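The values are calculated or read from the model by the stated rules, or taken from the named source; none is laboratory data. Quick caveat: nothing in here was measured; it's all calculated off a predicted structure. Neighbour counts are summed over all protein chains in view; Cβ atoms, including those assigned to glycine, are modelled from backbone coordinates with ideal geometry. With ligands, DNA and RNA removed, areas are computed over all heavy atoms of the protein, side chains included. Shrake-Rupley method; radii C 1.70, N 1.55, O 1.52, S 1.80 Å.
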Amino acid sequence: MTFGEQPAYLRVAGDLRKKIVDGLLPPHTRLPSQARIREEYGVSDTVALEARKVLMAEGLVEGRSGSGTYVRERPVPRRIARSGYRPAGGATPFRQEQADAGVRGTWESRSEQTGASGAVAERLGIEPGDRVMCTRYVFREGGEAMMLSTSWEPLALTGRTPVMLPEEGPLGGMGVVERMAALDIVVDNVTEEVGARPGLAEELLALGGVPGHVVLVVQRTFYASGRPVETADVVVPADRYRVAYHLPVK
C-alpha cells in the first residue's frame, strides 16, 4: 500500500457508506452479501467482512438473526438546548436540563448516598470516599428515553438539611441554584464540558441504542464563589440529538 492510500476494507466501506447516504441503499434494504461484496469489489472474504464491520460500528447497518445485514433507519437529529442560565421559579427537572421554554417531557429519578469516586471527588474539590448524594435521572420525550443524567452533591453542604434530596422536600425539583440559595449558598457560575465516547452497556440499554453507538456527555458543574457545589454527567445518544448552546453576548 502506497503512502496515503486507504486499506482496501476502508475503501469498500466508504463506497457502501456513500450509497447509503445517497439513498442508493435506502433504509431496510439488505446490504450486499459478503460474497457479492467480494465479487463486486474484487477483494477477499476478510476485506469484505471488515468493511461490513465498519458500517455496523458506525451504526449504518444492523444484523438481523438468520436474515442478513440491513441498512438502518437514520433518525433526523433533534436539538437539546443548553444555556448557562437556569429557569427560576418552580422549573421542572426537564426544564432545568434544557434552555428551551417549550420543552415537554417526563422524568424518573432515584437518589442515594454514596462515597465519591476519584473522578467525582476531583470535580467537587473533595476527598475520594467523602459522602455525596448521587441522583440518577431518565428523561423521556413522547415516552422515548432521550437523556440520562447523574448528579453528585457533597453531603458536607446539604447533609441533614431540608434540601438534601434534590427531588424531595420543600424545594424538591427546584434546581441547584434555588436549593443552594436556601442554605445561603449563592451559585454564581456553571461550566459545561462536552465530549463523546462509546455508550456504556447500561446507558445504551436505557436509551435504546445498540453496542458501539456513540453518546455525547456533558460534564456540568455549578460553583459558588469558586467552590463546586454540584456536578453532573448528562448523556444523550449522538445519532439522535445535537447539543445546542445559547450563549449571551456581553
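The table below gives the values:
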quantity: Qualifying residues in region 222-243 (those that are in contact with a Lys or Arg (Cβ under 6 Å, 6 or more places away or on another chain) and open to solvent by less than 20 Å² (accessible area, probe 1.4 Å)) - the one farthest from GLY195 (Cα to Cα); calculated: THR231
quantity: Cβ-Cβ under 6 Å pairs, at least 6 apart or on other chains, region 203-223 side more than 29 Å from LEU124 (Cα to Cα), far side part of a strand (DSSP E or B) and modelled with pLDDT under 95; calculated: GLY209/PRO237
quantity: Per-region count, region 116-150, residues open to solvent by 30 Å² or more (accessible area, probe 1.4 Å) and within 26 Å of ILE80 (Cα to Cα); calculated: 9
quantity: Residue match in region 226-239 (condition: in contact with a helix residue (DSSP H, G or I) (Cβ under 7 Å, 6 or more places away or on another chain), outside any strand (DSSP E or B) and not small (Gly, Ala, Ser)); calculated: no
quantity: Per-region count, region 1-31, residues surrounded by 14 or more Cβ atoms within 10 Å (Cβ to Cβ) and among the aromatic types (Phe, Trp, Tyr); calculated: 1
quantity: Filter result for the condition that a residue is at pLDDT 85 or above, closer than 23 Å to VAL217 by Cβ and not small (Gly, Ala, Ser), over GLU108, GLU40, GLU58, GLU50; calculated: GLU108
quantity: Identity of the residue in region 192-221, touching a Gly at 6+ places or on another chain (Cβ under 9 Å) and part of a loop (DSSP other than H, G, I, E, B), that ends up surrounded by the most Cβ atoms within 10 Å (Cβ to Cβ); calculated: GLY199
quantity: Filter result for THR106 (crowded, with 19+ Cβ neighbours inside 10 Å and polar (S, T, N, Q)); calculated: no
quantity: Selection within region 178-191 - outside any strand (DSSP E or B), modelled with pLDDT under 95 and either among the basic types (Lys, Arg) or surrounded by fewer than 14 Cβ atoms within 10 Å (Cβ to Cβ) (or both); calculated: ARG179, ASP188
quantity: Residue count for region 32-45, restricted to those that are part of a helix (DSSP H, G or I) and either loosely packed, with under 12 Cβ neighbours inside 10 Å or of a type in the set (D, E, K, R) (or both); calculated: 6
quantity: Enumeration of residues in region 1-31 that are in contact with a Lys or Arg (Cβ under 9 Å, 6 or more places away or on another chain) and part of a loop (DSSP other than H, G, I, E, B); calculated: GLU5, LEU24, LEU25, PRO27, HIS28, LEU31
